[in-house]
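Worksheet for the structure shown next.
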Amino acid sequence: MNRSAPVRRQRAHQYELSARQVLASDWEIPSRHRDKLKMEKSIGPARPPLVAIPVLVLLSLFTLAPHANAQVKPGDVIGASNAAQVKSLLSPGAYQAVTKGMQINIVAPSRIDWPPPYQNATEKYASQVRLAPDHHDLLGYVAGQPFPLLDPNDPDVGVKIMWNQYFRPIATDDFDLRYFECQVATQNPGAQQQLMKMTETGHFAGYYDLGRTEVEPIPADPDFKTTGIWARFAAYPTLEPAEDRGSGGIRYRYWDANRADDAWAFLAGSRRIRRVNEVILSSSAGLSTWDADHAGGFAAKPQEYNFKFLGEKNMLGCVHAKNAPAHPCPSDGGATSCGDDWEMRHLYMVEVTPRPERITGVLQSKTIVYIDGEGWFNPYVDSYDRKGELWKTQIYLMTYRDRPVPDAKIAVYPFKREFNLAASSVDVQTGVTTTCYLPGPDTAERECWYINMGAVDRDFFMTDAMAKAGH
């Protein structure tokens, strides 16, 4: 018997119902503790579980989105002078960036699909996944999306959404981001860019022992049974500036909920490897506004945080960026990257707070994570300081195609997938912004992204390899 058949039949039964009810209005899901009658007034009878797989539901939503959000329409160009039009369609941090000159072009929305291997893995394994009794840990996971069916009335829906984000379809096996460039500048509307710092890094890479769907070993690396390592990440060697040349970092994440991440740094000055306390990964180094826990979305160890579902809403996001390479924004002093296409998307919103019994000393009192309900990437992420004031926002410009850049010769896939072309981390309190360009506008390596190609193996994530590259 085909185990995935019941899942598909359940989805098919829900598509039409969900489409009629989800699209009824541009609304935010109330908490499960709010008045049930109030919810039913807004959307009719109690809703069936939301289908969080790229299907006709979201396609229909995008078709109707301009009616639900009449303040913007395809063809509009939004900048500092008319930013108020999109205030309710962006996170507070992303909205601040627009008020400071980050221009966005509004286009008609269009759907994106998951890579077929990821879709197949979801259908094969999702039915066996569940949360542990502590409502934090994940049990029965093999590959694909852990929770393709979501019920907004489920008290654990926020946790399930975040586990879906951790096992998202963008990269499941490995990735190698080569020779990318980051520029630090201050928001300065209408002025020329005053570059504070420029860095170039040889590799930012990841290797996953679990959830593998495209490159052998599938669906898990046998190493997992020995080491318990769920994922490895590395960024090294730094190529520019000269004073940081050779520096880098490595991070290991363990499946054991009670084992903290291990991290090491190789510093150019000492030419030695030192262990890094996990808490430090929530802070930025030097002039950069990026920190490891907020790179690529919210990236800290999930079992160390509480996840509170805030709702879902139709908002703007960049999914089909056209500029490759992306370029500094001329209207905000070159702080962010702008002039790309933004469209209406259906986003989940989750509040993330540290669990004091698991981790202390984190600089962020909370992080609000916005998650695309179709592609499962983060259009933007806002973090708040210990006083509860908005501190930083990360903004991601994504594209969807079968290659990272139009002239790619190696990184070419038999299906379309998501790529990140630029990412900005904005300190909204100071205006200092670090924007990373993927690929960099000035680097010889044009393709930049190598996803699920076996471009790196476990040996790349050894401290000896990092030290050797640094020397």
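All of the numbers you see were taken from the coordinates with simple rules; none came from a lab. If you're wondering where the values come from, they're calculated on a predicted model, not measured in any experiment. Every residue, glycine among them, receives a Cβ derived from its backbone with ideal geometry; neighbour counts consider all protein chains shown.
Checking Cβ-Cβ separations below 4.7 Å across the chain identifies Cys318, Cys448 as cysteines lacking any candidate disulfide partner.
The distance between label points at Thr226 and Asn120 comes to 2.8 nm (points 7 Å beyond Cα on the Cα→Cβ vector). The C-alpha radius of gyration of the chain, expressed as a fraction of 2.2 N^0.38 Å, stands at 0.94. Taking the alpha-carbon centroid of each part, what is the distance from the range 319-363 to the range 399-462 in angstrom? The distance from the Cα centre of the range 319-363 to that of the range 399-462 comes to 15 Å. Local charge for Asp340 was computed over the other residues whose Cβ lies under 15 Å away, with Lys and Arg +1 and Asp and Glu -1, and equals -2. I'd like the distance between the alpha-carbon centres of the range 197-263 and the range 78-131, rounded to an integer number of Å. So the two Cα centres are separated by 26 Å.
On the beta carbon distance between Arg275 and Ala84, with R0 = 45 Å, the FRET formula returns roughly 0.40.
Taking max minus min of the alpha-carbon positions on each principal axis, the range 200-277 gives extents of 41, 29, 15 Å, largest first. Averaged over residues, the count of other Cβ atoms within 10 Å places the peptides 241-251, 432-442, 77-87 in the sequence 432-442, 241-251, 77-87, highest first. Adding -39500 (n - 2.57) for every DSSP H run of four residues or longer, then dividing by how many residues the chain holds, sets the calculated 222 nm ellipticity at -5000 deg cm²/dmol.
Going out from 0 in 10 Å bins, what whole percent of all Cα-Cα distances in the range 161-225 drops into each bin? It works out to 18, 29, 24, 19, 9, 1, in whole percents.
Packing order of peptides 444-452, 203-211, highest average first: 203-211, 444-452 (average count of other Cβ atoms within 10 Å over each peptide's residues).
Expressed in units of 2.2 N^0.38 Å, where N is the residue count, the Cα radius of gyration of the range 347-392 is 1.26. Let's test the formula: R0 of 51 Å, r as the Cβ-Cβ distance of Glu243 and Asp134. What FRET efficiency results, to the nearest 0.05? Computed FRET efficiency for Glu243 and Asp134 comes out at 0.65. Panel values: the range 294-385, Kirkwood radius from alpha carbon pairs, Stokes-Einstein at 10 °C and 1.306 mPa s, translational diffusion coefficient 107 µm²/s. Computed over the range 97-162, the percent of Cα pairs more than 19 Å apart is 52.
Using 0.36 nm per residue and subtracting the Cα-Cα separation, the extra length available between Thr360 and Leu195 on full extension is 55.9 nm.
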